[in-house]
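Undergrad: The structure is given below, and queries will be raised subsequently.
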Amino acid sequence: MERSTRTSPHTRTARPWLAAAVVATLALPVLAAPAGAAETGAPAGTSACAYGYTSQATVWFGADADSGVPNRETPAGCTVMDEIMADAPFATHGAFVRTVSSVTKGLVRERTLTARERRDVVRAAAASEVGRPHPVTGQRSVDLSAIGLVGYTVRATMPSDAEGTLAALAECGFQNIEPSGSAGNFYGYSAAGLAPLTDAAGLEVPSLGVSLSNLQNDVDLVAAEAHTIGAKYVRISGSGSWTLADYSRTAAILNEAGEALAAEGIRVAYHNHGFEFETQEDGVTGYDVLVRETNPAFVTMELDVYWAASTDTAATDLFARYPGRFELLHLKDIAEDGSFADVGAGTIDFAEIFAAAPLAGVRYGFTENDQPSPDGVTSACTSLGYLAELRY
């Protein structure tokens, strides 16, 4: 890789962490009604700004487009980002900047922003990738130093022959791997046990897959494991049984753990499956809640492009709707019948994804196949071979 739904005041307040037993089972409690609904007297999800951008963040349009201006609540009960991004995605960069200019002008009149803050927000918008064209030219190659493998692909052989598996991956060209598991247990290894093996194979470990319970109860252990193996990201996954309120509470966990881990130089990421894209209240999805309610300063998204595609959600559409929020990708392909395919053997247009990577904010991509054939290493190397030849 070279390198209008609005949201509710209740989602922007700090939330307590979930009980350990609850998180351990990944079954979050259903909340009877969000606090914001109780305050306004409206049913959950009916607020004009239900499930919106957190006011705990700044007005932010990408890593290089942070205004530094607090994402304050507006007189409408929304936030500045809610007002600006209500019409996302934007067809052109000019249309986006004009929208930002118009919205912030009104917010100055309403005294939500100062004139100087408005200037900073407009400058950040102008510096952003939002609305800019990202065409496939066929002239760029994938930076393989930013490509790795999700360890789940080789889960069958890692416990019994980690050394041989890692050596085979390195031999076919992989430079990175993302081990999956939980803090202290990656295919039966702690980070201290696995690190000498990845080092011997010449593989870097930019990211670790841990559990939600780890983030709630074992942040110090997560930090220690990440430091031991050199990871700069830790990611978790969710549950198909969650309601929007559960996603909201998970976002609070990610924010709190993310802030603690940021002090250690580590970023928290959320990895999706398909259920996050199911519409719940007022057309809002769990994914909307996670992206809008997490603070970009501490939390990023690890988009699994297969699972998104399985719900007819295009990665590039998400990039346009939520610019800069996708520092990690799981690169896996989907066959015509919906089954898993090696990268390049299915229906996903990876050239478009790589072309739009600057808008998404991508730092690393990890290939994956949940059901590799004939084996994990062969599948992984086939996917990497396709990316080595890809021109976008």
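Undergrad: Using the heavy atoms of the protein chains and a 1.4 angstrom probe, tell me the accessible area per residue for segment 274-392 in square angstrom.
TA: 32
Undergrad: Need one value: the accessible area of THR228 in square angstrom, 1.4 angstrom probe, rounded to the nearest 10.
TA: 70
Undergrad: Where the centre of each part is set by its Cα atoms, how far does segment 261-331 sit from segment 181-198, in angstrom?
TA: What the calculation gives is 26 Å, centre to centre.
Undergrad: When a/c reaches 1.5 or more, the comparison of a/b and b/c decides; with that in mind, is the chain rounded, prolate or oblate per its Cα gyration tensor?
TA: Cα axes put the chain in the prolate bin.
Undergrad: Another question about this same structure. Which GluC sites (Glu not before Pro) in segment 284-379 pass both tests, a DSSP loop state and at most 12 other beta-carbon atoms within 10 Å?
TA: Qualifying residues, ordered by number: GLU336.
Undergrad: Let me ask something else about it. Ignoring ligands, DNA and RNA, what accessible area per residue does segment 110-158 give at 1.4 Å, in Å²?
TA: 52
Undergrad: Can you bin segment 69-199 into rounded, prolate or oblate? Criterion: square roots of the alpha carbon gyration tensor eigenvalues sorted a ≥ b ≥ c, rounded for a/c under 1.5, prolate for a/b above b/c, oblate for the rest.
TA: It comes out prolate by the Cα gyration axes.
Undergrad: Something else about it: Considering only DSSP beta bridges where both residues belong to the chain, give the percentage that are antiparallel (nearest 5).
TA: 25
Undergrad: Would you tally the net charge around PHE96, using a Cβ to Cβ cut-off of less than 11 Å, leaving PHE96 out, and scoring K and R as +1, D and E as -1?
TA: It works out to a net charge of 0.
Undergrad: Sorting LEU203, LEU197 by accessible area (1.4 Å probe), largest first, what list results?
TA: Heavy-atom accessible area, descending, gives LEU197, LEU203.
Undergrad: Summarise the accessible area of the chain (1.4 Å probe, protein heavy atoms) by the percent that is carbon and sulfur.
TA: 50
Undergrad: Can I ask one more? Using heavy-atom solvent-accessible surface (probe 1.4 Å) with all chains present, what is the largest-first order of THR311, THR153?
TA: The ordering from most to least exposed comes out as THR311, THR153.
Undergrad: Keeping all protein chains in place and using 1.4 angstrom, which order do TYR187, TYR152 fall into by accessible surface area, from largest down?
TA: Per-residue accessible area, sorted high to low, gives TYR152, TYR187.
The values are calculated or read from the model by the stated rules, or taken from the named source; none is laboratory data. In this text, all values refer to a predicted model and were calculated from it rather than measured experimentally. All Cβ positions, glycine included, derive from the backbone under ideal geometry; neighbour counts span all protein chains shown. Ligands, DNA and RNA are excluded from the accessible area calculation, which covers all protein heavy atoms including side chains. Shrake-Rupley method; radii C 1.70, N 1.55, O 1.52, S 1.80 Å.
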